[in-house]
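Structure, as structure tokens:
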Amino acid sequence: MFRFSAASLIVLAAAMPALAQDATESEQESFTVQVIAEGLAFPWSIAFLPSGEMLVAERDGHLRVIEAGGGLRDAAVEGLPDDLVVERQGGLMDVALAPDFETSRLVYFSYAEGTAQANRTALARGRINADLTALEDVEDLFRVNFDKARGFHFGGRILFNEDGTLFLTLGDGGLHREESQNPENHLGMVVRLNMDGSIPADNPAIENAAPGAYTYGHRNVQGIARNPETGSVWTHEHGARGGDEINVLVPGTNYGWPTVSYGINYNGTLITRERERSEFAEPYWYWTPSIAPSGMAFYDGEMFSEWRGDLFVSALAGMTVQRLEIDGDRVIGVENLLEDRDQRFRDVRQGPDGALYVLIDSDQGEVWRLEHALTPREEEFDG
């Protein structure tokens, strides 16, 4: 567990300019929104350093530093792989600090590897230096075993497990959706790897499966998070036109894409007439019409007491951050936040200070901090 000094959090809060002075009311909480960085090229993910700085991955192929007091450092972090390709939806994607970062200084990241004509999702790690200017000793840990043309459906989210393994989510490649039902390749999978990229001996036995296979039959998994109440691992994936899904991972399970789906093709034609089949896992939740879910995070912080246990999902096409009220492994309510801001939201994360951080998907992207605001009743009591 990373520890942040009280001084660094005070500096961070004091330095951030407010986007909106007035508090925004939700069903259960009141919050303000502050811009802590701007001018980012399609920010994709964020990681919080123990020293108070933040790392932000730009889809356009750069790893950037947000200073502890807010504001974007001019120079990008050097040392990313030479074969990183920026192609449509592909580029630099997730960034995550190793669980032992304070001693190892290892940063894990997913990216599109190859060329526009032959690319794949890859996972790598490197050791960031003390002044946060470069990644050193960078090594590839995993790459999808299927080369595809064009830049669609990479997946790319990383989740660490307490047993010393990690999950990496993948996509179906866009033009290769039928391959999601072929376990011999990695398209449409979630893979489970050891921290060094090797394959855990206790991975599920899936016949003829590609190395690392944990689940398959997905479309494009861009959200993964662990439910703090139940310990289960939740994912969400893009549908086509409708049919975005939330699933709970069960090892060795086939989730059905594209044999079953709640969506249709973008041109209005059918993908399939089947919505469910006994051999496939059914989604715990789905969206029709599509919201294009991107990031997700369960909230277990102290800043928003009424949101503890809730799931937050950032949405691109939906232009909102959804708060899903959770009971065990069930969704029992939904609220849209920030839908009046007219923005595409790429990621949502809980910070070490208990605030929520959201990333704006734009060539002039921003990082916002959602902070608890006192209600009039709380102000009266606080006074």
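Stokes-Einstein at 10 °C, 1.306 mPa s, Kirkwood radius from Cα pairs: D for the chain in µm² s⁻¹?
Details: Rh = 21.0 Å.
Stokes-Einstein gives a translational diffusion coefficient of 76 µm²/s.
Determine by what factor the alpha-carbon radius of gyration of region 36-178 differs from 2.2 N^0.38 Å, reporting the quotient. Mind showing how you got there, number by number?
Values: Rg = 14.8 Å, N = 143, 2.2 N^0.38 = 14.5 Å.
Working it through for region 36-178, the quotient is 1.02.
Summing charges over neighbours of Val334, with a neighbour being any other residue whose Cβ is under 9 Å away from its Cβ, gives -1 when K and R count +1 and D and E count -1.
The equivalent ellipsoid that matches the C-alpha gyration tensor of region 138-288 spans semi-axes of 24, 18, 14 angstrom, in descending order. Below 13 angstrom from the Cβ of Ala41, what's the summed charge of the other residues (Lys, Arg +1; Asp, Glu -1)? Charge balance in the 13 Å sphere: -3.
How would region 33-112 be classified by its alpha-carbon gyration tensor: rounded, prolate or oblate, with rounded meaning a/c under 1.5 and the a/b versus b/c comparison settling the rest?
Values: a/c = 1.92, a/b = 1.14, b/c = 1.68.
Oblate is the answer for region 33-112, as a/c is 1.5 or above yet b/c matches or exceeds a/b.
Quick check: net charge around Arg64, other residues with Cβ under 11 Å of its Cβ, Lys/Arg +1 and Asp/Glu -1? Within the 11 Å Cβ shell, the charges total -4. Measuring nothing but how far apart in sequence close Cα pairs (under 8 Å, 6+ apart) lie, relative to its length, region 6-382 scores a relative contact order of 14 percent.
If you fit an axis through the alpha-carbon atoms of helix 6-15 and take the longest principal axis of the Cα set of the chain, what angle between them do you get, 0 to 90°, nearest 10? Approximately 90 degrees, to the nearest 10.
No value in this document is a laboratory result; all are computed from the given coordinates. Just so we're clear, the structure is a prediction, and the values are computed from it rather than from any experiment. Don't worry about glycine lacking a Cβ; one is built from the backbone with ideal geometry, like all the others, and counts go over all protein chains shown.
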